[in-house]
Amino acid sequence: MVTAAQIPGWLRALYPFEPRSLALGRVRLSYVDEGPRSAEAVILLHGNPTWSFFYRELIRRLSAAGIRAVAPDHIGMGLSDKPSGYPYRLERRIADVAALIEHLGLAKVHLVVHDWGGAVGFGWAVHRPDLAGRIAVLNTAAFPSRWMPWRIAACRAPLLGEWLMRGANAFAGPATWMAVRRRPLPADIKRAYLFPYDSWGNRIGVARFVQDIPMGPAHPSMAVLEEIGNSLPKLADHPMLITWGGADFCFDRRFFEEWRRRFPNAQARLIPNAGHYLMEDAPDETIPEIEGFLKAEAGLRQGPAKPGAPSRRPPQADL
(Lines give C-alpha, C1' and ligand atoms only; values in the text may rest on other atoms or scores of the structure.)
Protein backbone atom coordinates (compact mmCIF):
# COMPACT_ATOMS: atom_id res chain seq x y z
CA MET A 1 0.00 0.00 0.00
CA VAL A 2 1.15 3.55 -0.77
CA THR A 3 1.22 5.65 2.40
CA ALA A 4 0.70 9.40 2.66
CA ALA A 5 4.45 9.91 3.00
CA GLN A 6 5.02 8.07 -0.29
CA ILE A 7 2.69 10.24 -2.36
CA PRO A 8 4.91 12.53 -4.47
CA GLY A 9 4.43 16.27 -4.25
CA TRP A 10 3.11 16.65 -7.80
CA LEU A 11 0.34 14.13 -7.05
CA ARG A 12 -0.47 15.56 -3.64
CA ALA A 13 -1.20 18.89 -5.32
CA LEU A 14 -3.94 17.15 -7.32
CA TYR A 15 -5.03 14.68 -4.63
CA PRO A 16 -4.72 16.61 -1.35
CA PHE A 17 -6.12 13.90 0.89
CA GLU A 18 -4.66 11.78 3.66
CA PRO A 19 -5.20 8.15 2.68
CA ARG A 20 -6.28 5.87 5.49
CA SER A 21 -6.23 2.09 5.50
CA LEU A 22 -8.31 -0.87 6.58
CA ALA A 23 -6.92 -4.36 7.09
CA LEU A 24 -8.90 -6.97 5.18
CA GLY A 25 -7.22 -10.12 6.33
CA ARG A 26 -3.64 -9.91 5.09
CA VAL A 27 -4.23 -7.06 2.66
CA ARG A 28 -4.83 -3.38 3.26
CA LEU A 29 -7.44 -1.26 1.55
CA SER A 30 -6.63 2.43 1.06
CA TYR A 31 -9.44 4.97 1.29
CA VAL A 32 -9.97 8.66 1.82
CA ASP A 33 -12.47 9.87 4.40
CA GLU A 34 -13.15 13.59 4.16
CA GLY A 35 -15.69 15.77 5.93
CA PRO A 36 -17.42 15.36 9.31
CA ARG A 37 -17.46 12.11 11.21
CA SER A 38 -21.12 11.44 10.59
CA ALA A 39 -22.99 8.14 10.58
CA GLU A 40 -24.28 9.17 7.15
CA ALA A 41 -21.83 9.27 4.27
CA VAL A 42 -21.41 9.16 0.52
CA ILE A 43 -19.37 6.18 -0.70
CA LEU A 44 -17.73 6.78 -4.09
CA LEU A 45 -16.79 3.59 -5.93
CA HIS A 46 -14.44 3.70 -8.91
CA GLY A 47 -13.91 1.16 -11.66
CA ASN A 48 -11.10 -0.12 -13.86
CA PRO A 49 -8.48 1.22 -14.53
CA THR A 50 -9.19 4.29 -12.41
CA TRP A 51 -8.91 4.80 -8.66
CA SER A 52 -10.29 7.25 -6.08
CA PHE A 53 -8.45 10.03 -7.94
CA PHE A 54 -11.40 9.93 -10.37
CA TYR A 55 -13.59 11.50 -7.67
CA ARG A 56 -11.12 14.10 -6.36
CA GLU A 57 -13.17 17.20 -7.21
CA LEU A 58 -16.44 15.72 -5.96
CA ILE A 59 -14.73 14.72 -2.70
CA ARG A 60 -13.53 18.30 -2.25
CA ARG A 61 -16.96 19.77 -2.92
CA LEU A 62 -18.88 17.37 -0.71
CA SER A 63 -16.51 17.70 2.24
CA ALA A 64 -16.53 21.51 1.88
CA ALA A 65 -20.32 21.33 2.16
CA GLY A 66 -20.06 19.37 5.41
CA ILE A 67 -20.83 15.99 3.84
CA ARG A 68 -18.75 12.97 4.68
CA ALA A 69 -17.21 11.54 1.50
CA VAL A 70 -15.48 8.15 1.55
CA ALA A 71 -13.66 6.88 -1.54
CA PRO A 72 -11.87 3.51 -1.36
CA ASP A 73 -9.37 2.08 -3.80
CA HIS A 74 -10.33 -1.50 -4.60
CA ILE A 75 -7.67 -4.08 -3.71
CA GLY A 76 -5.17 -4.22 -6.57
CA MET A 77 -6.02 -0.65 -7.56
CA GLY A 78 -4.94 2.86 -6.66
CA LEU A 79 -3.01 3.12 -3.40
CA SER A 80 -4.29 -0.18 -1.98
CA ASP A 81 -2.25 -3.38 -1.73
CA LYS A 82 -1.77 -5.30 -4.97
CA PRO A 83 -1.28 -8.92 -3.85
CA SER A 84 -1.00 -11.93 -6.13
CA GLY A 85 -2.98 -14.25 -3.84
CA TYR A 86 -6.14 -12.17 -3.40
CA PRO A 87 -9.38 -13.58 -4.91
CA TYR A 88 -10.07 -10.91 -7.51
CA ARG A 89 -13.78 -11.65 -7.88
CA LEU A 90 -16.93 -9.52 -7.72
CA GLU A 91 -18.21 -11.33 -4.64
CA ARG A 92 -15.06 -10.44 -2.69
CA ARG A 93 -15.15 -6.82 -3.89
CA ILE A 94 -18.67 -6.47 -2.50
CA ALA A 95 -17.55 -8.01 0.79
CA ASP A 96 -14.68 -5.51 0.99
CA VAL A 97 -17.06 -2.56 0.65
CA ALA A 98 -19.39 -4.07 3.24
CA ALA A 99 -16.43 -4.44 5.62
CA LEU A 100 -15.45 -0.80 5.10
CA ILE A 101 -19.01 0.40 5.77
CA GLU A 102 -19.17 -1.70 8.93
CA HIS A 103 -15.75 -0.46 10.04
CA LEU A 104 -16.87 3.15 9.66
CA GLY A 105 -20.06 2.50 11.61
CA LEU A 106 -22.29 4.01 8.94
CA ALA A 107 -26.05 3.97 9.45
CA LYS A 108 -26.90 5.42 6.04
CA VAL A 109 -24.91 5.18 2.84
CA HIS A 110 -25.39 7.11 -0.38
CA LEU A 111 -23.56 5.78 -3.42
CA VAL A 112 -21.79 7.22 -6.44
CA VAL A 113 -20.74 4.43 -8.80
CA HIS A 114 -18.79 4.29 -12.05
CA ASP A 115 -17.67 1.38 -14.24
CA TRP A 116 -17.05 -1.70 -12.01
CA GLY A 117 -18.16 0.40 -9.06
CA GLY A 118 -21.72 -0.15 -10.27
CA ALA A 119 -21.71 -3.93 -9.84
CA VAL A 120 -19.84 -3.60 -6.55
CA GLY A 121 -22.01 -0.83 -5.12
CA PHE A 122 -25.33 -2.30 -6.21
CA GLY A 123 -24.09 -5.69 -5.05
CA TRP A 124 -23.87 -4.25 -1.56
CA ALA A 125 -27.06 -2.15 -1.82
CA VAL A 126 -29.40 -4.96 -2.87
CA HIS A 127 -28.43 -6.82 0.28
CA ARG A 128 -28.67 -3.75 2.50
CA PRO A 129 -31.46 -1.59 1.05
CA ASP A 130 -32.22 -0.54 4.63
CA LEU A 131 -28.87 1.28 4.80
CA ALA A 132 -28.75 2.50 1.21
CA GLY A 133 -29.90 6.02 0.36
CA ARG A 134 -29.44 8.02 -2.82
CA ILE A 135 -27.58 6.48 -5.74
CA ALA A 136 -25.76 8.31 -8.55
CA VAL A 137 -25.05 6.07 -11.54
CA LEU A 138 -22.27 6.99 -14.00
CA ASN A 139 -21.50 4.83 -17.08
CA THR A 140 -21.69 1.44 -15.45
CA ALA A 141 -23.68 -1.79 -15.30
CA ALA A 142 -25.00 -4.00 -12.52
CA PHE A 143 -26.60 -6.67 -14.69
CA PRO A 144 -25.27 -9.14 -17.29
CA SER A 145 -24.72 -8.01 -20.86
CA ARG A 146 -23.48 -9.76 -23.97
CA TRP A 147 -21.84 -6.59 -25.29
CA MET A 148 -18.06 -6.30 -25.12
CA PRO A 149 -15.88 -4.04 -27.30
CA TRP A 150 -13.21 -5.89 -29.26
CA ARG A 151 -10.49 -3.92 -27.50
CA ILE A 152 -11.53 -5.36 -24.14
CA ALA A 153 -12.15 -8.81 -25.60
CA ALA A 154 -8.56 -8.84 -26.90
CA CYS A 155 -7.29 -8.16 -23.38
CA ARG A 156 -9.10 -11.29 -22.16
CA ALA A 157 -7.26 -13.61 -24.54
CA PRO A 158 -5.27 -16.28 -22.65
CA LEU A 159 -1.61 -15.36 -22.16
CA LEU A 160 -1.77 -12.54 -24.71
CA GLY A 161 -4.23 -10.55 -22.59
CA GLU A 162 -2.08 -10.84 -19.48
CA TRP A 163 0.95 -9.61 -21.40
CA LEU A 164 -0.98 -6.76 -23.00
CA MET A 165 -2.42 -5.45 -19.73
CA ARG A 166 0.48 -6.08 -17.37
CA GLY A 167 3.50 -5.99 -19.65
CA ALA A 168 2.56 -3.40 -22.28
CA ASN A 169 0.13 -1.46 -20.05
CA ALA A 170 -2.31 -1.72 -22.96
CA PHE A 171 -5.40 -1.17 -20.81
CA ALA A 172 -4.65 1.60 -18.31
CA GLY A 173 -2.45 3.43 -20.80
CA PRO A 174 -4.89 3.70 -23.74
CA ALA A 175 -7.74 4.49 -21.33
CA THR A 176 -6.18 7.89 -20.69
CA TRP A 177 -7.05 8.93 -24.24
CA MET A 178 -9.83 6.52 -25.27
CA ALA A 179 -12.03 7.35 -22.26
CA VAL A 180 -12.24 11.07 -23.07
CA ARG A 181 -13.78 12.56 -26.19
CA ARG A 182 -14.12 16.31 -25.70
CA ARG A 183 -10.52 17.12 -24.84
CA PRO A 184 -7.29 15.27 -24.06
CA LEU A 185 -6.38 14.75 -20.43
CA PRO A 186 -3.74 17.24 -19.24
CA ALA A 187 -0.34 15.63 -18.79
CA ASP A 188 -0.42 15.77 -15.00
CA ILE A 189 -3.91 14.22 -14.81
CA LYS A 190 -2.87 11.44 -17.17
CA ARG A 191 0.23 10.87 -15.06
CA ALA A 192 -1.92 10.65 -11.92
CA TYR A 193 -4.22 8.02 -13.39
CA LEU A 194 -1.22 5.89 -14.33
CA PHE A 195 0.74 6.46 -11.11
CA PRO A 196 -0.50 3.30 -9.31
CA TYR A 197 0.10 1.10 -12.36
CA ASP A 198 3.78 1.51 -13.07
CA SER A 199 4.92 -2.13 -13.24
CA TRP A 200 3.87 -5.69 -14.05
CA GLY A 201 3.13 -6.41 -10.39
CA ASN A 202 1.19 -3.20 -9.85
CA ARG A 203 -1.09 -3.90 -12.82
CA ILE A 204 -2.49 -7.13 -11.45
CA GLY A 205 -5.78 -5.52 -10.40
CA VAL A 206 -6.27 -3.99 -13.84
CA ALA A 207 -5.88 -7.41 -15.46
CA ARG A 208 -8.01 -9.27 -12.93
CA PHE A 209 -10.90 -6.81 -13.25
CA VAL A 210 -10.99 -7.41 -17.02
CA GLN A 211 -10.78 -11.16 -16.52
CA ASP A 212 -13.64 -11.03 -14.02
CA ILE A 213 -16.13 -9.70 -16.59
CA PRO A 214 -18.67 -12.55 -16.76
CA MET A 215 -19.62 -13.34 -20.36
CA GLY A 216 -21.02 -16.87 -19.94
CA PRO A 217 -22.83 -19.05 -17.40
CA ALA A 218 -19.67 -20.88 -16.36
CA HIS A 219 -17.84 -17.73 -15.28
CA PRO A 220 -17.30 -17.60 -11.49
CA SER A 221 -18.88 -14.13 -11.19
CA MET A 222 -21.89 -14.69 -13.46
CA ALA A 223 -24.21 -16.03 -10.75
CA VAL A 224 -23.34 -13.09 -8.50
CA LEU A 225 -23.99 -10.54 -11.25
CA GLU A 226 -27.26 -12.23 -12.22
CA GLU A 227 -28.42 -12.10 -8.61
CA ILE A 228 -27.62 -8.39 -8.45
CA GLY A 229 -29.50 -7.71 -11.67
CA ASN A 230 -32.52 -9.69 -10.51
CA SER A 231 -32.49 -7.89 -7.14
CA LEU A 232 -32.40 -4.33 -8.49
CA PRO A 233 -36.18 -3.87 -7.94
CA LYS A 234 -35.41 -3.78 -4.21
CA LEU A 235 -34.01 -0.29 -4.86
CA ALA A 236 -36.89 1.01 -6.96
CA ASP A 237 -37.96 3.51 -4.30
CA HIS A 238 -34.47 4.93 -3.74
CA PRO A 239 -33.76 8.33 -5.31
CA MET A 240 -31.50 7.77 -8.30
CA LEU A 241 -29.58 9.97 -10.72
CA ILE A 242 -28.29 8.50 -13.98
CA THR A 243 -25.68 10.74 -15.59
CA TRP A 244 -24.18 9.31 -18.76
CA GLY A 245 -21.38 10.04 -21.17
CA GLY A 246 -23.00 9.26 -24.51
CA ALA A 247 -19.70 8.82 -26.38
CA ASP A 248 -18.48 5.96 -24.18
CA PHE A 249 -16.94 3.22 -26.36
CA CYS A 250 -17.69 0.58 -23.71
CA PHE A 251 -20.78 1.46 -21.68
CA ASP A 252 -22.67 2.89 -24.62
CA ARG A 253 -26.24 4.15 -24.89
CA ARG A 254 -27.64 0.63 -24.72
CA PHE A 255 -26.60 0.50 -21.08
CA PHE A 256 -28.06 3.95 -20.45
CA GLU A 257 -31.42 2.88 -21.89
CA GLU A 258 -31.37 -0.31 -19.85
CA TRP A 259 -30.90 1.70 -16.66
CA ARG A 260 -33.80 3.94 -17.66
CA ARG A 261 -35.97 0.90 -18.33
CA ARG A 262 -35.16 -0.61 -14.96
CA PHE A 263 -35.54 2.66 -13.03
CA PRO A 264 -38.12 4.74 -14.93
CA ASN A 265 -38.53 7.18 -12.04
CA ALA A 266 -34.82 8.05 -11.90
CA GLN A 267 -33.49 11.43 -12.93
CA ALA A 268 -31.60 10.79 -16.16
CA ARG A 269 -29.24 12.91 -18.21
CA LEU A 270 -27.32 11.96 -21.33
CA ILE A 271 -24.30 14.08 -22.26
CA PRO A 272 -23.91 13.09 -25.92
CA ASN A 273 -20.26 13.97 -26.54
CA ALA A 274 -18.75 12.96 -23.18
CA GLY A 275 -16.67 9.79 -22.92
CA HIS A 276 -16.29 7.11 -20.29
CA TYR A 277 -14.35 9.39 -17.93
CA LEU A 278 -17.26 11.79 -17.97
CA MET A 279 -16.14 13.60 -14.82
CA GLU A 280 -13.00 14.57 -16.74
CA ASP A 281 -14.79 15.23 -20.03
CA ALA A 282 -17.81 17.08 -18.63
CA PRO A 283 -16.94 18.25 -15.09
CA ASP A 284 -19.07 21.40 -15.24
CA GLU A 285 -22.18 19.36 -16.01
CA THR A 286 -21.61 16.26 -13.92
CA ILE A 287 -20.02 17.37 -10.66
CA PRO A 288 -22.50 20.12 -9.67
CA GLU A 289 -25.40 17.89 -10.70
CA ILE A 290 -24.24 14.99 -8.53
CA GLU A 291 -23.48 17.34 -5.65
CA GLY A 292 -26.95 18.88 -5.87
CA PHE A 293 -28.60 15.47 -6.07
CA LEU A 294 -26.83 14.32 -2.91
CA LYS A 295 -27.44 17.56 -1.02
CA ALA A 296 -31.18 17.21 -1.69
CA GLU A 297 -31.18 14.56 1.04
CA ALA A 298 -32.33 16.21 4.27
CA GLY A 299 -29.67 14.50 6.38
CA LEU A 300 -26.91 15.80 4.12
CA ARG A 301 -27.90 19.46 4.31
CA GLN A 302 -25.33 20.29 6.95
CA GLY A 303 -23.67 23.29 5.39
CA PRO A 304 -19.93 23.93 5.29
CA ALA A 305 -17.83 22.99 8.27
CA LYS A 306 -16.95 25.91 10.51
CA PRO A 307 -13.33 27.11 10.31
CA GLY A 308 -11.30 25.82 13.21
CA ALA A 309 -13.87 23.20 14.14
CA PRO A 310 -12.34 20.05 15.66
CA SER A 311 -11.89 17.12 13.33
CA ARG A 312 -14.61 14.50 13.45
CA ARG A 313 -12.78 11.92 11.37
CA PRO A 314 -12.35 8.37 12.61
CA PRO A 315 -9.53 7.87 15.14
CA GLN A 316 -6.01 7.43 13.84
CA ALA A 317 -5.72 3.92 15.25
CA ASP A 318 -6.77 2.36 11.94
CA LEU A 319 -3.88 3.82 9.98
Of the residues in the stretch 260-319, those that are surrounded by 12 or more Cβ atoms within 10 Å (Cβ to Cβ), more than 20 Å from L58 (Cβ to Cβ), modelled with pLDDT of 95 or more and not aromatic (F, W, Y) come to R260, R262
Checked the stretch 1-18 for anything in a helix (DSSP H, G or I), at pLDDT below 95 and in contact with an Asp or Glu (Cβ under 7 Å, 6 or more places away or on another chain); matches are A4
Those residues of the stretch 41-57 that are in a helix (DSSP H, G or I) and either among the aromatic types (F, W, Y) or buried (at least 24 other Cβ atoms within 10 Å of the Cβ) (or both) come to a total of 4
Of the listed residues (D73, D81, D33), the one being among the acidic types (D, E) and buried (at least 24 other Cβ atoms within 10 Å of the Cβ) is D73
Those residues of the stretch 188-205 which are in contact with a helix residue (DSSP H, G or I) (Cβ under 8 Å, 6 or more places away or on another chain), surrounded by fewer than 22 Cβ atoms within 10 Å (Cβ to Cβ) and part of a loop (DSSP other than H, G, I, E, B) amount to F195, W200
Exactly one of S30, S21, S63 is among the polar types (S, T, N, Q), assigned to a strand (DSSP E or B) and farther than 23 Å from N169 by Cα, and that one is S21
Restricting the stretch 87-115 to residues that are touching a helix residue (DSSP H, G or I) at 6+ places or on another chain (Cβ under 6 Å) and assigned to a helix (DSSP H, G or I), the one surrounded by the most Cβ atoms within 10 Å (Cβ to Cβ) turns out to be R93
All conditions in (1) within 20 Å of V126 (Cβ to Cβ); (2) surrounded by 20 or more Cβ atoms within 10 Å (Cβ to Cβ) are true of F256 except (1)
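The values are calculated or read from the model by the stated rules, or taken from the named source; none is laboratory data. Just so it is clear, the structure is predicted and the values come from calculations on it, not from any experiment. A quick note on method: Cβ atoms are made from the backbone with ideal geometry, for glycine too, and the neighbour counts reach across all protein chains shown.
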